[in-house]
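This report refers to the structure that appears directly beneath it.
The values are calculated or read from the model by the stated rules, or taken from the named source; none is laboratory data. Just so we're clear, the structure is a prediction, and the values are computed from it rather than from any experiment. Here the Cβ positions follow ideal geometry from the backbone for every residue, glycine too, while neighbour counts run over all protein chains shown. Surface areas here come from the heavy atoms of the whole protein model, side chains and all, with no ligands, DNA or RNA. Shrake-Rupley method; radii C 1.70, N 1.55, O 1.52, S 1.80 Å.
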Amino acid sequence: MNFASDNTAPVCPEIMEALARANHGNAMGYGDDEETQAFSRLCSELFEREVLAFPVGTGGVANALALSVLVPPYGAIYCQEDAHIDVDECGGPEFFTGGAKIVPLPSPRGKLDPAALAARIANAGAGVVHHVQPAAVSITQATELGTVYSADEIAAIAGVAKAAGLPLHMDGARFANAVAAQNCSAADLTWKAGVDVLSFGATKNGAMAAEAVIFFDPGKAGDFAFRRKRAGQLYSKMRYISAQLRAYVTDDLWLRNARHANAMAARLADGLGAIPGVELLQPVEANELFLAMPGPVIAGLQADGFRFYVMGTAEAPVVRLVTAWNSEAESVAALIASARAHAGVQA
């Protein structure tokens with residue numbers, strides 16, 4: 001009954017079992033353990049090239065630390081206007097970069113427009129001491145509006161970034177949902193399309209608390225290891241973070257979880273989209289829905305015990321529904337039935 005976010009879901013059984021296995025015996029600290037080393041090897045297999053993978057505890061710190069090695073204190077980070085790094089991280093990227101400026105750009109359907117990005121960079125005043133200097137581009141996959149970048153769309157943005165000499169960061173809190181939605185490889189949507197560093201999310205897709213920062217060119221990692229330590233993210237008992245991530249990427253667990261979440265979102269979209277007065281505001285391409293919905297329907301759903309966020313304004317409310325690895329078909333059907341009843345649709 002809870003569609004507020006995928007972070008309301010419990011830990012999936014495979015990851016909880018992996019934590020229990022990791023809890024036997026002693027292991028070296030600070031990442032010098034088998035779980036961390038095994039996850040690192042699996043990452044290179046998953047992304048089809050040698051990578052450097054740094055486990056951390058949260059997506060916010062993954063983003064902030066990733067950007068901190070790419071951007072100087074006087075740099076500009078270009079992103080979509082509703083990017084998590086700008087709206088929902090309480091100044092973390094600015095803090096860890098030492099003062100860099102986030103520059104949000106208008107983003108139809110939650111995606112950066114390459115032409116608009118190119119124009120903004122061209123007029124940024126590169127080399128002029130009075131202006132913040134272009135330093136990096138960041139995109140979110142899947143986007144904050146639940147849409148998904150294709151490999152070609154990422155490549156187009158990467159092309160603009162590379163032409164200006166800027167690295168491309170990807171906030172992948174829901175990266176699994178994007179990969180599952182397009183039935184492609186993790187490599188296709190990252191380094192093959194021009195991404196330099198990925199914040200690889202697991203917490204929203206079945207983990208307890210585990211993310212990783214992945215550099216596709218180890219040479220670009222710079223002093224990241226020191227920055228992670230300074231940020232308090234080099235865990236003494238790193239095996240418990242890494243055990244989650246190891247299980248997550250083993251036997252395609254991350255994709256199975258994401259496919260289920262996406263499928264439940266598609267069911268919601270089909271059912272709710274057919275109700276008069278309910279409008280899908282964005283294409284449902286991953287596991288998030290944004291809907292315009294009459295006030296009485298919203299109130300009725302809440303009275304029936306469904307939990308979700310209401311955004312927008314009182315005059316034009318927007319309902320956000322998010323499905324997860326554990327969303328039940330019965331709960332999806334019940335929400336649709338409730339919405340139909342409160343909209344006055346006959347059964």
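Odds and ends about this structure:
- Among the residues listed as 183, 205, the single one being of a type outside the set (A, V, I, L, M, F, W, C), at positive phi and either in contact with a Phe, Trp or Tyr (Cβ under 7 Å, 6 or more places away or on another chain) or open to solvent by 10 Å² or more (accessible area, probe 1.4 Å) (or both): 183
- For the criterion of being part of a helix (DSSP H, G or I), out of contact with any His (no Cβ under 9 Å at 6 or more places or on another chain), surrounded by fewer than 24 Cβ atoms within 10 Å (Cβ to Cβ) and aliphatic (A, V, I, L, M), residue 261 fails.
- Residues that are outside any helix (DSSP H, G or I) and open to solvent by less than 40 Å² (accessible area, probe 1.4 Å), drawn from the stretch 235-252: 238
- Test for residue 161: is it assigned to a helix (DSSP H, G or I) and open to solvent by less than 10 Å² (accessible area, probe 1.4 Å): yes
- Sole exception among (1) touching a Cys at 6+ places or on another chain (Cβ under 9 Å); (2) open to solvent by 80 Å² or more (accessible area, probe 1.4 Å) for residue 315, by number: (1)
- Among the criteria (1) within 19 Å of residue 175 (Cα to Cα); (2) over 20 Å from the mean Cα position of the chain (by Cα); (3) basic (Lys, Arg), the one residue 256 does not fulfil is (2).
- When we screen 228, 256, 239 for residues that are modelled with pLDDT of 95 or more, in contact with a helix residue (DSSP H, G or I) (Cβ under 7 Å, 6 or more places away or on another chain), of a type in the set (D, E, K, R) and within 23 Å of residue 191 (Cα to Cα), the only hit is 228.
- Matching residues in the stretch 124-158 - criterion: being part of a helix (DSSP H, G or I) and either among the charged types (D, E, K, R) or open to solvent by 10 Å² or more (accessible area, probe 1.4 Å) (or both): 151, 152, 153, 155, 156
- Restricting the stretch 22-44 to residues that are charged (D, E, K, R) and surrounded by 14 or more Cβ atoms within 10 Å (Cβ to Cβ) leaves a set whose member that is nearest to residue 208 (Cα to Cα) is 35.
- Scanning the stretch 104-121 for residues that are of a type in the set (A, V, I, L, M) and surrounded by 19 or more Cβ atoms within 10 Å (Cβ to Cβ) yields a total of 3.
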